[in-house]
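Beneath this line is the structure, given in structure tokens, with notes to follow.
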Amino acid sequence: MSAGVDHVAWPADVAARYRASGHWRGQTFGAWLTALAAAHSGRTAVVGERDGVTSRWTFAGLDERAHRIAAGLVDSGVRPGDRVVVQLPNVPEFLPVVFGLWRAGAWPVFALPAHRHSELRHFAEQAEAVAVITVDRHERHDHAGTARQVAADVPSVRDVLVVGSAEFADLAATAPRDLPDPDPSGVAFLQLSGGSTGLPKLIPRTHDDYLYSVRESARICALRPDSVYLAALPVAHNYPLSSPGVLGALHAGAATVLAPRPDADTAFRLIEAERVTISGVVPPLAAAWVQAAARTGHDLSSLEVLLVGGAKCGRELAERIGPALGCRLQQVFGMAEGLVCYTRLDDPDEVVLGTQGRPISLDDEIRVVDPDDPAAPSDAVVPDGATGALLTRGPYTIRGYFRAAAHNATAFTPDGFYRTGDLVRRTPTGHLEVVGRAKEQINRGGEKVAAEEVENHLMAHPDVLDAAVVAVPDAYLGERTCAYVVPAAGAAPTGAELRRFVRERGVAAFKVPDLVQVVGEFPVTGVGKTSKRELRAALAALAEKKG
Ligand code: OOB
């Protein structure tokens, strides 16, 4: 099953350079938390709710919980290098569980709360996970039940651990003890790619590389010990985890408040109650907060910075954020594979409103190349100001996906640049403006949908001969998904039927096509491939006719 190595390491000379410049410090997450707990022991590290009960833990309390869980995990048979799928919503236990796994040397595989059986099974199979850690129920979904189903289907999965259960309470009560510190240059966890082909790829991130991006993110976002970060988005995602996210807040000795839900009512209640200073949202959520701010009775005056990213924040929305919420906008353009760009807090308004920022590090190498035939890229560099495909390599950008040798051969250049699939323009100041996408992915308000993954689900339906999934512009989400379907001979599937079929295959709700168009045949390109460009044009024409 394992088509490729677990971790494509950086070349030795490059790694030596990153160490010499202090980017990589040879520190593990476990050792880092120990140091933070010593420096900030009595300060609040995390505030969060589960099942209506609020927990408020200090740095020392978090550290101790993580030590206990680590010892409990080791006693239950978790070994260094074991993979464990973690599917936790924004509950306070997220941090002690993840640091517990890190201290045990195990690798969390960060699933999102929206993922369902087919995705979780894929992560567990791909990673050969030994366990799944989740909650009992969340937003009306039986997560424990889904995890047990995954355990039944995937032979490597021995355990399902449910946060909040008696078994979890026992494990979390294990006497703490020192455990061997893992290799800081080794893999710490697996993140998920947004993906453009088939199922999501797993992204191996190391202690060294990730902690570098966390420290720099905390600095760039000006986090201080008295900052309060509101994690509004699902915290397992790279953005609220590290940009600057809960880990950036920890680094600064600041508190994190975990919002159980991202809606304005919940977020505004927490901003007022906890005197939140900074948060990060996706554009549709920013728009919802802007709208709600006009009629809220909550005091939002503590909010200093709102990060917006994950999808393009249009100019109009960008301009409304500061005035409506009484804070500074900071745009962020990042990816779980590595590269993160921020507008800086002292950038001129024109840059903050009109670009998606510049890279964290001077050692982030950026190449903007001719977006010619993606199947045979020339990788010819285009001049600043011209639109091109973004390639990048640097001290926290992976050199390869986990066990994906064939995919890596095209997703990276021979000299190790990651092909982001994003179309950008670079300004003379080195800021990037994201202008489009060359990858087969729909960015549904920050939630990424790989066209091929949904096409494969649709094609599993007996009445479907062929399927092509494309983005349709949407005023609120930026994009929604439209599935074009050619029925099998004599069949006439309806859109509602196909949507239900996809949902019942156990996929995240955000991947169920928003629109389904049943057509006689697909337009084709010169070489006979389905022309998604023409399908998108047909949608645009349809929208024009309606509008
Ligand atoms: C973040 O990470 P992912 O892995 O979910 O998605 C990465 C992709 C990028 O390649 C780009 O296509 C898109 O999301 N994206 C943006 C964007 N930020 C991300 N497109 C336009 N404008 C932006 N500001 O989404 C992520 C990871 C860390 C920090 C922030 C976002």
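Each value in this text was obtained by applying a stated rule to the coordinates, not by laboratory testing. Keep in mind it's a predicted model, so treat the numbers as computed, not measured. All Cβ positions, glycine included, derive from the backbone under ideal geometry; neighbour counts span all protein chains shown.
Observations, loosely collected:
- Shape metrics for the chain, restricted to C-alpha atoms - Rg then Dmax, Å: 22.8, 70
- When peptides 515-525, 224-234, 458-468 are sorted by average Cβ neighbour count within 10 Å, with the highest value leading, the order is 224-234, 458-468, 515-525.
- Projecting the Cα atoms of Leu542, Gly520, Ser531 onto the charge dipole of region 445-546, computed from C-beta unit charges around the Cα centre, puts Leu542 farthest toward the positive end.
- Region 445-546: antiparallel DSSP beta bridges as a percent of all, rounded to 5: 75 percent
- The ranking of Ser21, Ser279, Ser185 by Cβ neighbour count inside 10 Å, starting from the fewest, reads Ser21, Ser185, Ser279.
- Comparing Leu390, Ala509, His461 along the charge dipole axis of the chain, the residue lying farthest to the positive side is Ala509, per the Cβ-charge model.
- Residues Lys312, Lys201, Lys546, ranked from the fewest to the most other C-beta atoms within 10 Å, line up as Lys546, Lys312, Lys201.
- Each part reduced to its alpha carbon centroid, region 411-429 and region 264-309 end up 33 Å apart.
- Taking each residue as 0.36 nm, the span from Ser156 to Glu319 lengthens on full extension beyond its C-alpha to C-alpha distance by 53.6 nm.
- Qualifying GluC sites (Glu not before Pro) for region 136-217 [loop in DSSP, other Cβ within 10 Å: at most 13]: Glu139
- Put simply, the amide H of Ala188, placed in the peptide plane, has neighbours under 5 Å in Arg205, Thr206, His207, leaving out anything fewer than 5 places away on its chain.
- Lysine pair number, Cα distance threshold 19 Å (strictly under), the chain, separation 8 or more or different chains: 12
- For region 55-86 versus region 332-347, the gap between their alpha-carbon centres in whole angstrom: 30 Å
- Scanning residues 5 or more positions from Gln330 or on other chains, those with amide H under 5 Å from its amide H are Leu306, Leu307, Val308, with H placed 1.01 Å from N in the peptide plane.
- Inter-part distance where region 5-46 and region 178-255 are each reduced to a Cα centre, Å: 11 Å
- Taking other C-beta atoms within 10 angstrom as a stand-in for reagent exposure, Leu161, Leu300 fall in the order Leu300, Leu161, fewest first.
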